[in-house]
Every structure is written in structure tokens, then in C-alpha cells.
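J.: Here it is, the structure, as C-alpha cells.
The values are calculated or read from the model by the stated rules, or taken from the named source; none is laboratory data. This one's a predicted model, so the numbers in the text were calculated from it and none came from an experiment. Here Cβ is always computed from backbone atoms with ideal geometry, including for glycine, and neighbour counts include all displayed protein chains. Heavy atoms of the whole protein, side chains included, go into the accessibility calculation; ligands, DNA and RNA do not. Shrake-Rupley method; radii C 1.70, N 1.55, O 1.52, S 1.80 Å.
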Amino acid sequence: MKRSRRFGHSVLGFVLPLVLLGCGSDANPRAGGELSGPTLVPLDSILLPESDTLYLGDPFTPAIDPYDGSIYISDQFSKRVVRFDRHGEVVRAYGRPGAGPGELQGSGLAFVLDDSTLVVEDWAVQRLNLFDRNS
């Protein structure tokens, strides 16, 4: 118990200063108006459509396909991964709720393994699911 407690304090001790300091941006008006450290600059945005059949209830970290620039968003609510093209149009969905092959109980991290394989973590049962990203 002590070991996990110490680990938790060290993580919070590291994370909280980053959050409180604003990750390098200086909001102090006495600083002369110049920013210190790295800043994030938005380059573009993509509007993702939602409908009654395509609803992202609890989206997880998006993954970018290095082969064609598609965006994969894992949705923990609907237990599937939705693939969008570079313009925000839906290409296809992978997985569905359940415990069988191709079914997810808790979709998590998704990433492209090679030019034909999508890997989706199912954190609820601690397994990786492999999907053919083209079908």
C-alpha cells in the first residue's frame, strides 16, 4: 500500500506544477508580454458530424493513420472506433458492444499497426483486438 501511495504522490507532484504553470506559457502581466517556453498554435480544425446513429458519447484519444491521414476516435460509450477521413467524413466503424470476436467491452487506445491492421485496446478484458482497416 505504501508503494502505490508514494507513487501517486510523486506523479501528482510532477503533474500539478505543469497544470498550475500553464505548461510553459506565462500569464503574468509583469512578464513584458512575451511568452516563455513552447506554445501550441492551432493549424486547422475538422468538424466531425454526429447523428442518432453516429454519436461519440465518451471519445478517447484520437489516432492519426500515417498512411492516409484518417482519424480514428475510440468511443468508450458506444464501444467502437469510428474512422473519419481528412475532411471529417465517416469512413467506417470498427467493433460493437459485446464479448465475442470483433466486440468490445471497453474501447481504449487505437493505433494503426501497418497498412492494413488497426489495433484497439479493450481495457475491460485486457486484450488487444485486431481489425482489418480496409473492411
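J.: Test of the criteria: in segment 57-135, which GluC sites (Glu not before Pro) are in a DSSP loop and have at most 14 other Cβ atoms within 10 angstrom of their Cβ? Write down the numbers at each step before the final one.
T.: On the way: sites: Glu89, Glu103, Glu121; in loops: Glu89.
Those that pass, being in a loop and sparsely packed, are Glu89.
J.: May I ask you to work out the translational diffusion coefficient for segment 52-135 at 25 °C, viscosity 0.890 mPa s, via Stokes-Einstein with Rh from the Kirkwood sum over Cα pairs, reported in whole µm²/s?
T.: Details: Rh = 12.5 Å.
The calculation lands on 197 µm²/s.
J.: What does the extension gain come out to for Ile64 and Arg86, with contour length at 0.36 nm per residue minus their alpha carbon separation?
T.: Numbers: separation 22, 0.36 × 22 = 7.92 nm, distance 0.96 nm.
Result: 7.0 nm gained on full extension.
J.: Run the numbers for Phe77 and Gln126: contour at 0.36 nm per residue of separation, minus the present Cα-Cα distance, in nm. Write down the numbers at each step before the final one.
T.: Details: separation 49, 0.36 × 49 = 17.64 nm, distance 1.73 nm.
Taking Phe77 through Gln126 to full extension adds about 15.9 nm, to one decimal.
J.: To the nearest 10 Å², what's Tyr67's accessible area with a 1.4 Å probe?
T.: Looks like 130 Å² after rounding.
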